[in-house]
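Peer 1: Below: one structure in structure tokens.
What follows draws every value from the coordinates through simple rules; no lab data is involved. Because the structure is predicted, anything quoted here is derived from the model rather than measured. Neighbour counts run over all protein chains shown; Cβ positions are idealised from the backbone, glycine included.
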Amino acid sequence: MKTAKLVTGILCMVFTFLVLFQSCAAGISNTLGETGESSGFAGLMLALLMLAGGIVEVVTRKASGKGGSIAAVILFFLAALIGFPNAGSFSDLKIWSAWCLILGILNLISLFVKEKDNGGTDPS
């Protein structure tokens, strides 16, 4: 599970920049088109929450407690909760919200799964 948290945390950090770029474009489109949508701002908030969740996953991947997973669950579910209803014309926001929802579910599952201890031996 430690490797999975490292990989998904790094992916979140990388995807944040893509979401930020798309959100800026969506926000400019919303403003120029005077649509009254807030999908650009919602994408910005999702990106920041996704970045925070990714950082939490990377930093707490080796921690023995469950606090890091609980924090990541809250951050990812909050990001999905912001993204899904505010997608509007920014349809990629639904994809990023689904990514956050999946990561939130995986972190929730990791709370209940007990990792095996190899006794300090290398499995390879």
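Peer 1: Per DSSP H run of at least 4 residues, take -39500 (n - 2.57); add these up for the chain, divide by its residues and hand me the 222 nm value, nearest 500 deg cm²/dmol.
Peer 2: Helices in the chain give a 222 nm mean residue ellipticity of -25500 deg cm²/dmol.
Peer 1: Between 0 and 90 degrees, rounded to the nearest ten: what's the tilt of helix 2-33 against the longest Cα principal axis of the chain?
Peer 2: In the chain, helix 2-33 runs at an angle near 10 degrees to the longest axis.
Peer 1: Can you sort Phe77, Phe112 by how many other beta carbons sit within 10 Å, fewest first? Intermediate values should be presented prior to the final figure.
Peer 2: Numbers: Phe77 19, Phe112 8.
Ascending number of Cβ neighbours within 10 Å: Phe112, Phe77.
Peer 1: Compute the Kirkwood hydrodynamic radius of the chain, taking the inverse of the mean of 1/r over all pairs of distinct Cα atoms, and give it in Å to one decimal. It would help to have the intermediate numbers written out before the result.
Peer 2: Values: mean 1/r = 0.0663 Å⁻¹.
It is 15.1 Å.
Peer 1: How tilted is helix 92-112 with respect to the longest principal axis of the chain? Cα atoms for both, answer in degrees (0 to 90, nearest 10).
Peer 2: It is inclined by approximately 20 degrees.
Peer 1: As a footprinting exposure proxy, order Leu48, Leu6 by other Cβ within 10 Å, with the fewest listed first.
Peer 2: On the way: Leu48 17, Leu6 14.
In order of increasing Cβ crowding within 10 Å: Leu6, Leu48.
Peer 1: Roughly speaking, what is the stretch gain from Val14 to Leu81, that is 0.36 nm per residue apart minus the C-alpha to C-alpha distance, in nm to one decimal?
Peer 2: 22.0 nm
Peer 1: Based on other C-beta atoms within 10 Å, arrange Ser97, Ser64, Ser38, Ser89 from fewest to most.
Peer 2: Values: Ser97 24, Ser64 8, Ser38 17, Ser89 13.
Fewest-to-most ranking of Ser97, Ser64, Ser38, Ser89: Ser64, Ser89, Ser38, Ser97.
Peer 1: Need one number: nm distance between label points at Lys66 and Thr31, each 7 Å from Cα along Cα→Cβ, rounded to one decimal.
Peer 2: For Lys66 paired with Thr31, the spin-label model returns 4.4 nm.
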